Every structure is written in C-alpha cells, then in structure tokens.
Amino acid sequence: MKAIVQETYGSTEVLEFTDVDKPALGGGELLVRVHAAGVDPGVWHLMTGLPYLLRIMGFGLRVPKVRIRGSDLAGRVEAVGNDVTRFQPGDEVFGTCEGSFAEYACAREDKLASKPVNLTYEQAAAVPISAFTALQGLRDQGRVQPGQKVLIIGAAGGVGTFAVQLAKAFGAEVTGVCSTAKADLVRSIGADDVIDYTRDDFADGTRHYDLILDTAGNRSLSHLRRGLTPRGTLVIVGGEGDGRWFGGIDRLLRALILAPFLRHKLRGLFSTERQEDLQFLRQIIEDGKVAPVIDRTYPLNEVPEAIRYVHQGHARGKVVITV
Ligand SMILES: NC(=O)c1ccc[n+]([C@@H]2O[C@H](COP(=O)([O-])OP(=O)(O)OC[C@H]3O[C@@H](n4cnc5c(N)ncnc54)[C@H](OP(=O)(O)O)[C@@H]3O)[C@@H](O)[C@H]2O)c1
C-alpha cells in the first residue's frame, strides 16, 4: 500500500511517499481502508520530534517509534480482529489510530465510532483530535455552563472552530478572537461577537469572561487573566512556541504550577482520545449543532505541503488529506 513514511526526525524532507506492507491486524483492532485523514499542528511535532519533551514522553528518543504519520482517520472497515464486537467489514468509521497517512491503517476498536451519517469522509476525518480538544477544554477543564461568557482565542483554527460551535451548543455566550479576514467565518459558525486581535485587545479592561479557552498567540498568563471575571477560568490548550525542550507546552506547565496560588482557576489541557467523546461528537454533529470547517484538502502524496501549510499557523478550520 502507499503511505507517508519517515525513518528519522526532521522537517518535511524526511517524509517519503512510498510502498509499505499493510499493517498486521491485532485481536482488538480493525483494518480500515482510509479515505481521509486529518492534519493538525501535532503532526509537525511528531515529524520533527520537537519539542524534545515529546521524545521523552514515549514517541521515540532518537527516531520516531511510529514510522507512518497521521492520527485522525475516516474510512471503511476492511477486516476485524477476533476480539472486535461492535464493528464489521463494510462499516463506515472515524476516529484515531497510528499511521493514517496511508491507504490502510489498523485502529483499536475503542478509538473508533460510526461515521456521522451527515458527513463525508473528508469532513469526518477533520473531527477527532481537534474536536476532542475543544470538547475536553470547554466541558471537562472549563466546566462551561449555560449563560456564561466564553472567549475562544484562535477561534478560526482547527480547535477554535469546534470550540465556538460546542460552546454555543452548551448554551454559552461566545466571543471569538481571530484576525480581520476571518471574522466573517467565526460569526458564521455562531460566535455572538468577534474581536479582531490585530486591532483590539480583549484584555483592555472593558470586558471580562467567565471562561477563556486559549488555543493561539502565546499571550502571557497575566495578560490572559486580565480578561477574566474575578472567579473566571483560563484553560490553556496550545499555541506554538520555539523552545526546543518545551515548545508551547511551557505556558501550560506554568499555569498548572501557579494554579493553587490564585483565585482564578488555571487549567492546562492534555486532550485524550476517548470513545465516549467520539460518540458524543457524532451525536451532536448528527443533531446539526456542530459541523467541521474544512480549509483545504490535499492528496496523499502532498502531505508535506499540507503539513507546511498547517505549520504556518493560519488555517481557516481544518486541513484534510484525501486518500
Ligand atoms: N493541549 C492539547 O491537548 C492540544 C490538542 C490539540 C492541539 N493543541 C494545540 O493547540 C493549538 C491550536 O491547534 P489548532 O489545530 O487549532 O491550530 P491551527 O488550526 O493552526 O489554528 C491556529 C489558529 O490560531 C490563529 N492565531 C494565530 N495567531 C493568533 C493570535 N496571536 N491570536 C489569536 N489567534 C491567532 C490563526 O488564525 P489567524 O490567521 O486569524 O491568526 C489560526 O486560525 C496548537 O498549538 C496545537 O498544537 C493542543
């Protein structure tokens, strides 16, 4: 089968579009014919092995443990392992796996759910990691409540476009922070208000939010806290940083260290791939309350271009690979 393979860490030059064996199917796994695979900033981190913290966390100290890149996938089940009970060949699924930039991938049964009936494969592949992150940031870390004022920083990005829609679905009053050209997009997905960060500062002292979900821009924690109500919650999701050891994770770690000493609630999110969240997302998508926003699609052999585009940090929603 065709796949995007890397043997060493590095920039997109280490990626090879080549033929490899189909992955071997384990007992609790499904072999999926991949039709589409999502791209997010995490792909660049796993490709480069940066920040180094990732390598220590188990992704491979000197070379990547998993040679084929890509995590989000949507496709059709080709075969099921002996222990699989919930799926059968022919089922349309979406979820996460190791190595989705390939014609076939093996995924654990508990990492997949039935594809939302109202989505194409491309749209479904855009959902898992970005929507998990938005959901867990708002619901689990942010404890979002109906009627709360919620600020989404990076509202036009992969995580942000899901976060705006999910926060609205949870009954919040939502303000999105993005650049000028993306204000219409952020309004179109349901934001009640938009702040153009190239002109206005949300933390200028005139407005305060019960919950801030920060996905972009690397603003200091003190700056972000100026935008909170006295008992408000700040959830640090991401934001790309240059540090080779911690990258953008340093702010997240600082938030966790500072949290016990402050009245504001400071939270850092490490999102996890949960089947019940995938099912929650499928339902809310089928109910028409959330829909993926696709910026661009690229064919499998153009994965390097797709990764470079996402790494520039100005995506309008999600980038997807069609296979
Ligand atoms: N903690 C976790 O578990 C977890 C999980 C997934 C992702 N992440 C991280 O979360 C971050 C966002 O991911 P993503 O997939 O949403 O990235 P993305 O698709 O690249 O989106 C980034 C967005 O940030 C906006 N942006 C850039 N600079 C900004 C600024 N100064 N102020 C406000 N917005 C700004 C960009 O829009 P403009 O063009 O308008 O600037 C773009 O739409 C990344 O750092 C990623 O690594 C963390």
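The values are calculated or read from the model by the stated rules, or taken from the named source; none is laboratory data. Everything quoted here is computed from the prediction, not taken from an experiment. When we count neighbours, we look across all protein chains shown, and the Cβ atoms used for this are built from the backbone with ideal geometry, even at glycine. Keep in mind that these areas ignore ligands, DNA and RNA; they rest on the heavy atoms of the full protein, side chains included. Shrake-Rupley method; radii C 1.70, N 1.55, O 1.52, S 1.80 Å.
Checked against the criterion of being under 30 Å from ARG143 (Cβ atoms), among the hydroxyl-bearing types (Ser, Thr, Tyr) and under 16 Å from the mean Cα position of the chain (by Cα), segment 272-281 has at least one qualifying residue. Among the residues making up segment 111-157, a single one is β-branched (Val, Ile, Thr), under 12 Å from ARG282 (Cβ atoms) and within 16 Å of the ligand (Cβ to nearest atom): VAL127. The residue that is most open to solvent (accessible area, probe 1.4 Å), among those in segment 239-254 that are within 11 Å of the ligand (Cβ to nearest atom) and in contact with a helix residue (DSSP H, G or I) (Cβ under 8 Å, 6 or more places away or on another chain), is GLU240. Is there any pair with a first residue in segment 33-44 that is under 18 Å from PHE246 (Cα atoms) and a second that is more than 10 Å from the ligand (Cβ to nearest atom) and open to solvent by less than 30 Å² (accessible area, probe 1.4 Å) whose Cβ atoms are under 6 Å apart and which are 6 or more apart or on different chains, and what are they? Close Cβ pairs (under 6 Å, with a partner that is more than 10 Å from the ligand (Cβ to nearest atom) and open to solvent by less than 30 Å² (accessible area, probe 1.4 Å)) amount to VAL43/ARG69; VAL43/ILE307; TRP44/ILE307.
The set of residues in segment 1-48 that are of a type in the set (D, E, K, R), under 30 Å from GLY239 (Cα atoms) and surrounded by 21 or more Cβ atoms within 10 Å (Cβ to Cβ) contains only ASP40. Of the residues that make up segment 251-269, is at least one under 15 Å from the mean Cα position of the chain (by Cα) and within 15 Å of VAL127 (Cβ to Cβ)? Scanning segment 251-269 turns up no residue that is under 15 Å from the mean Cα position of the chain (by Cα) and within 15 Å of VAL127 (Cβ to Cβ). Looking at segment 227-235, can you tell me whether even one residue there is under 22 Å from the mean Cα position of the chain (by Cα) and surrounded by fewer than 13 Cβ atoms within 10 Å (Cβ to Cβ)? The answer is no, given that none of the residues of segment 227-235 is under 22 Å from the mean Cα position of the chain (by Cα) and surrounded by fewer than 13 Cβ atoms within 10 Å (Cβ to Cβ). Could you tell me whether any residue of segment 217-232 is assigned by TED's automatic domain parsing to the domain that holds VAL150, closer than 30 Å to ASP287 by Cα and in contact (Cβ under 8 Å) with a residue 60 or more places away in the chain? Taking every residue of segment 217-232 in turn, none turns out to be assigned by TED's automatic domain parsing to the domain that holds VAL150, closer than 30 Å to ASP287 by Cα and in contact (Cβ under 8 Å) with a residue 60 or more places away in the chain. Counting only helices (runs of 4 or more DSSP H) wholly contained in segment 113-204, the ones carrying 2 or more residues that are in contact (Cβ under 8 Å) with a residue 24 or more places away in the chain and surrounded by 22 or more Cβ atoms within 10 Å (Cβ to Cβ) occupy 121-125, 128-135, 158-169. Within segment 95-106, residues that are under 15 Å from PRO64 (Cβ atoms) have Cβ atoms under 8 Å from residues that are open to solvent by 10 Å² or more (accessible area, probe 1.4 Å) and modelled with pLDDT under 95 in these pairs: GLU98/VAL66; GLY99/VAL66, counting only partners at least 6 apart in sequence or on another chain. If you go through segment 257-268 one residue at a time, do you hit one that is within 12 Å of the ligand (Cβ to nearest atom) and not acidic (Asp, Glu)? Yes; the residues of segment 257-268 include at least one that is within 12 Å of the ligand (Cβ to nearest atom) and not acidic (Asp, Glu).
If you scan segment 279-303, which residues turn out to be outside any loop (DSSP other than H, G, I, E, B) and within 15 Å of the ligand (Cβ to nearest atom)?
Here is the first cut: in segment 279-303, the ones outside any loop (DSSP other than H, G, I, E, B) are 279-286, 294-303.
Hits for segment 279-303 are LEU281, ILE294, ASP295, ARG296, THR297, TYR298.
Conditions tested, residue by residue: (1) crowded, with 18+ Cβ neighbours inside 10 Å; (2) within 19 Å of ILE153 (Cα to Cα); (3) at pLDDT below 95.
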{"site": "GLU276", "(1), (2), (3)": "no, no, no"}
{"site": "LEU281", "(1), (2), (3)": "yes, no, no"}
{"site": "ILE285", "(1), (2), (3)": "yes, no, no"}
{"site": "PRO304", "(1), (2), (3)": "yes, no, no"}
{"site": "ARG308", "(1), (2), (3)": "no, no, no"}
{"site": "GLY317", "(1), (2), (3)": "yes, yes, no"}
{"site": "VAL320", "(1), (2), (3)": "yes, no, no"}
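Once segment 247-269 is narrowed to residues that are under 17 Å from ALA216 (Cβ atoms) and assigned to a loop (DSSP other than H, G, I, E, B), the residue that is modelled with the highest pLDDT is LEU269.
Scanning segment 205-226 for residues that are open to solvent by less than 60 Å² (accessible area, probe 1.4 Å) and either of a type in the set (Phe, Trp, Tyr) or not in a loop (DSSP other than H, G, I, E, B) (or both) returns TYR209, ASP210, LEU211, ILE212, LEU213, ASP214, LEU221, HIS223, LEU224. From the list ALA306, ALA315, the lone residue that is near the ligand (Cβ under 9 Å from one of its atoms), outside the structural domain of LEU151 (by TED's automatic domain parsing) and in contact (Cβ under 8 Å) with a residue 24 or more places away in the chain is ALA315. Looking only at residues in segment 227-238 that are in a strand (DSSP E or B) and under 22 Å from SER271 (Cα atoms), the one that is farthest from the ligand (Cβ to nearest atom) is GLY232.
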